[in-house]
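S.K.: Take a look at the following structure, please.
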2 protein chains.
Amino acid sequence: MENLKGAVMFAQSGGPTSVINASAAGVFIEALGQKNVTAVYGAAHGIKGILNEQFYDIGKEDPKELELLKYTPSSALGSVRYKLKDASVDDTDYKRILEVFSKYNIRYFFYNGGNDSMDTCNKISKYLAKSGYDCNVIGVPKTIDNDLYGTDHCPGYGSAAKYVATTVMEVNLDAKVYDTGMVCIIEVMGRNAGWLTAASALAGIKGLGPDLIYLPEVPFDMDKFVADVKRVCAANGNKCIAVVSEGIKFADGKYVGEFKASSTDLFGHAQLGGVCNVLASVIKEKTGIKVRGIEFSLMQRCAAHLASETDVEETFRAGREAVKAAVSGQTDKMVCYERKAGDKYEIEYKLLPLELAANTEKTVPAEWITADGTGLNEQFVKYALPLIQGDVKAPLVDGLPRFAHLKKVLVKG
Amino acid sequence: MENLKGAVMFAQSGGPTSVINASAAGVFIEALGQKNVTAVYGAAHGIKGILNEQFYDIGKEDPKELELLKYTPSSALGSVRYKLKDASVDDTDYKRILEVFSKYNIRYFFYNGGNDSMDTCNKISKYLAKSGYDCNVIGVPKTIDNDLYGTDHCPGYGSAAKYVATTVMEVNLDAKVYDTGMVCIIEVMGRNAGWLTAASALAGIKGLGPDLIYLPEVPFDMDKFVADVKRVCAANGNKCIAVVSEGIKFADGKYVGEFKASSTDLFGHAQLGGVCNVLASVIKEKTGIKVRGIEFSLMQRCAAHLASETDVEETFRAGREAVKAAVSGQTDKMVCYERKAGDKYEIEYKLLPLELAANTEKTVPAEWITADGTGLNEQFVKYALPLIQGDVKAPLVDGLPRFAHLKKVLVKG
């Protein structure tokens, strides 16, 4: 709906990324400059902050700190994993959201997250529309998993991909430094889609890529894995770097990370530690070669010091475009990126119905995976390389990053 | 001995660091400009390269690539862990070294490494002197462990410390993003000295430090650890960040990382994965709060993209100073840093007898550790903060680091 006058509510959800706050900065800075926007609020811990009436008055923040959000990792407002029931089953939360929105005259709502968050955003959008409450709702995508449908790529992916590619290069040099054997198994995030694991292939253009890559898109076979590692070791002085997704599954659908579920520790519960340690155990047993399992863990999604400038700037603009779209009357949409045709990398901002974004998952195309299932071809490199370009990070004070400090002034009801 | 005319041999040893090649660059660039130096060789895989007569002619390298070594992680010549026997027990290796040195007229020998490497360097130095073979021998220190005696700090420590401090800040923001509990246990390298683990305290000056720090200098008590974590959790909404050294030991001297040695996996051997996973299991069992174990693994010693400029430049100059000292007639010494008195951080390069460097280990002073044994005080911050200043890294090509490419032309006998 056009010409709505009222407040903006922005909330962050799901697992953070190193650039998620760039979208917050984009939404805040753009919204604070819009004449139809009467106030800008940021919800504490996503949808829960709305339900609990806990949100911050962004108008009270120092504009310089809002700029620094671009370079500050993790969700500055706090995140949440909270799934709304279907309104047809239980509309308690929806009624509460409507109540809070009415009380504070929220006319623009922006929800920043991945698949699940777009689902939440979609449900809220539909409920508000059905209730006859005028509020323009726009989803702002974010996920290092890069698995959202309808967008060329997702805000946050480029920076995580840059971390993975750069770190694989560095680990490659380190792990191969001795004249003795060493198998290194690196575990990368991505439960159902292998985009981030695939990013390790970018290290290959510098001659420092992994020898083997295992994506969740390809059913995992333990015997083939052992044979792959043995083959690489035989050809390379018992040295091998394998990168595996945390989400690799056997053909029967069981996660490889749960392979040793019957092994329990002293306290009777299953071992912590991911799929890389499972595979390291197997390789150690089957080859006798020294093995090291490395999890990129939280670092791959919070290493803002290694962000991609392309990603930061696109993510920031995604926030601005969301506000512009909402203010111009758009609703029930997600901001997305469309890559222009041609050799020069360029994107346009588009809007996609939330419904479509919410319920479809995008995986790595089979034709980008090499025939033996352990590598990515040129098509993937052509796709991913533009996304990791450029360097930008928080200014250093005392040799350490100066991240944003928000005052977080709670709005009084 | 002064006015020696002959070739330089340089070798790298032990676990690499992200800046170890800066010393290589310093030695090579300085040596190539010295009139008494007839050739510059780099040994493949440390002392083994000398024993096997496998070394590279550094004079054939492109000077631009030698410059890039300053920003290229891991030992570019290859490393080794090889312990020489005492010459009095078995002098086979020493005779061979003397033979190779004589054959190639090696009159300057530089060995780059940590405690063990300085021991090797010392033994070779003493043997050559005893044999009446004129060769000036200088040790160039390197270790992220920072545990070498007689030097204010060690080349490589500042960059690893910068990685640890920066990454703890980022992980802190990420791990505390939800409104639910989360205990995060981060494992840092350092088998006998807690210098690198202590560096996590630097994140505290930005308000993003760990809640608890456990060094190998303080005997570890599991009950106290659990109580510490519970206390922090109670005060902070069940959120706690603990940083532990891989080398923490119980009062009886047993490593905490071996606490679960009786737990074996499906294949009958002990679990891989470090002390952070051991402690995560315990905390999960005792508190029920969500726990994540994070190992900084190889990244903490190879993340050249996050190097300290201070460390890179000092390490480069340590290589140059080693050559200058040797050429001026010094021998049987290790280059070391002496911090000047006063508030402004500045160092001088000194020489220490190899014997002293070889057999003493420097740990974190007890008076820099807080009374409860889980933190570092201002004296540590004052010591460590100057070491992580400044930013420098390899130039980016395609958004990825352009590391040095050496031709590695083998010298023919």
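S.K.: Mind checking which residues of region A:358-371 are touching a residue at least 60 places away in the same chain (Cβ under 8 Å) and either within 14 Å of chain B (Cβ to nearest Cβ) or surrounded by fewer than 17 Cβ atoms within 10 Å (Cβ to Cβ) (or both)?
M.R.: A:Asn359, A:Thr360, A:Glu361, A:Thr363, A:Ala366, listed by residue number.
S.K.: Looking at region A:211-252, which of its residues are in a helix (DSSP H, G or I) and surrounded by 23 or more Cβ atoms within 10 Å (Cβ to Cβ)? Break it down into steps so the answer makes sense when it comes.
M.R.: We begin by selecting, within region A:211-252, every residue in a helix (DSSP H, G or I); these are A:222-235.
Once the filter is applied, which keeps residues that are in a helix (DSSP H, G or I) and surrounded by 23 or more Cβ atoms within 10 Å (Cβ to Cβ), region A:211-252 yields only A:Val229.
S.K.: Turning to a different aspect of this structure: With respect to the numbered conditions (1) touching a Gly at 6+ places or on another chain (Cβ under 7 Å); (2) part of a helix (DSSP H, G or I); (3) among the basic types (Lys, Arg), which one is the sole condition not fulfilled by A:Arg107?
M.R.: (2)
S.K.: Would you kindly identify the helices (runs of 4 or more DSSP H) lying entirely within region A:269-341 that contain at least 3 residues that are among the small types (Gly, Ala, Ser) and more than 7 Å from chain B (Cβ to nearest Cβ)? Can you show your working first?
M.R.: Numbers: elements: A:275-287, A:299-302, A:309-327.
Ranges flagged: A:309-327.
S.K.: Continuing with the same structure: Within region A:98-113, can one find any residue that is touching a Phe, Trp or Tyr at 6+ places or on another chain (Cβ under 9 Å), small (Gly, Ala, Ser) and surrounded by 17 or more Cβ atoms within 10 Å (Cβ to Cβ)?
M.R.: For region A:98-113, residues touching a Phe, Trp or Tyr at 6+ places or on another chain (Cβ under 9 Å), small (Gly, Ala, Ser) and surrounded by 17 or more Cβ atoms within 10 Å (Cβ to Cβ): absent.
S.K.: Here's another thing I want to ask about it. Would you kindly identify the helices (runs of 4 or more DSSP H) lying entirely within region B:1-99 that contain at least 3 residues that are within 27 Å of the chain's Cα centre (by Cα) and within 14 Å of chain A (Cβ to nearest Cβ)? Break it down into steps so the answer makes sense when it comes.
M.R.: Numbers: elements: B:20-32, B:46-51, B:63-68.
Hits in region B:1-99: B:20-32, B:46-51.
S.K.: Can you name every residue in region B:178-189 that is buried (at least 24 other Cβ atoms within 10 Å of the Cβ) and within 19 Å of A:Gly78 (Cα to Cα)? First the steps, then the outcome.
M.R.: Filtering region B:178-189 for residues buried (at least 24 other Cβ atoms within 10 Å of the Cβ) gives B:183-188.
Once the filter is applied, which keeps residues that are buried (at least 24 other Cβ atoms within 10 Å of the Cβ) and within 19 Å of A:Gly78 (Cα to Cα), region B:178-189 yields B:Val183, B:Cys184.
S.K.: So which of A:Gly156, A:Gly139 ends up being buried (at least 23 other Cβ atoms within 10 Å of the Cβ), within 13 Å of chain B (Cβ to nearest Cβ) and touching a residue at least 24 places away in the same chain (Cβ under 8 Å)?
M.R.: A:Gly156
S.K.: Continuing with this model, one more query. Within region A:190-210, can you find the residues that are part of a loop (DSSP other than H, G, I, E, B), buried (at least 24 other Cβ atoms within 10 Å of the Cβ) and in contact with a helix residue (DSSP H, G or I) (Cβ under 6 Å, 6 or more places away or on another chain)?
M.R.: Of everything in region A:190-210, those that are part of a loop (DSSP other than H, G, I, E, B), buried (at least 24 other Cβ atoms within 10 Å of the Cβ) and in contact with a helix residue (DSSP H, G or I) (Cβ under 6 Å, 6 or more places away or on another chain) turn out to be A:Gly190, A:Pro210.
S.K.: For residues that are small (Gly, Ala, Ser) and either more than 7 Å from chain B (Cβ to nearest Cβ) or more than 25 Å from the chain's Cα centre (by Cα) (or both), tally how many sit in region A:162-181.
M.R.: The number of residues fulfilling the criteria is 2.
S.K.: Could I ask something else about it? Give region A:181-201 a look and list any residue that's at pLDDT below 95 and over 16 Å from A:Cys276 (Cα atoms), or say none.
M.R.: Across region A:181-201, the qualifying residue is only A:Asn192.
S.K.: On the basis of being free of Cβ contacts under 8 Å to residues at least 24 places away in the same chain and either in contact with a helix residue (DSSP H, G or I) (Cβ under 9 Å, 6 or more places away or on another chain) or not hydroxyl-bearing (Ser, Thr, Tyr) (or both), does B:Leu351 make the cut? Please lay out each step first, then the result.
M.R.: Details: free of Cβ contacts under 8 Å to residues at least 24 places away in the same chain: no; either in contact with a helix residue (DSSP H, G or I) (Cβ under 9 Å, 6 or more places away or on another chain) or not hydroxyl-bearing (Ser, Thr, Tyr) (or both): yes.
Considered against the rule, which asks whether it is free of Cβ contacts under 8 Å to residues at least 24 places away in the same chain and either in contact with a helix residue (DSSP H, G or I) (Cβ under 9 Å, 6 or more places away or on another chain) or not hydroxyl-bearing (Ser, Thr, Tyr) (or both), B:Leu351 comes out as no.
The values are calculated or read from the model by the stated rules, or taken from the named source; none is laboratory data. These numbers were taken from a predicted model, which means no experiment stands behind them. With ideal geometry, Cβ positions are generated from the backbone for all residues, glycine too; neighbour counts draw on all protein chains shown.
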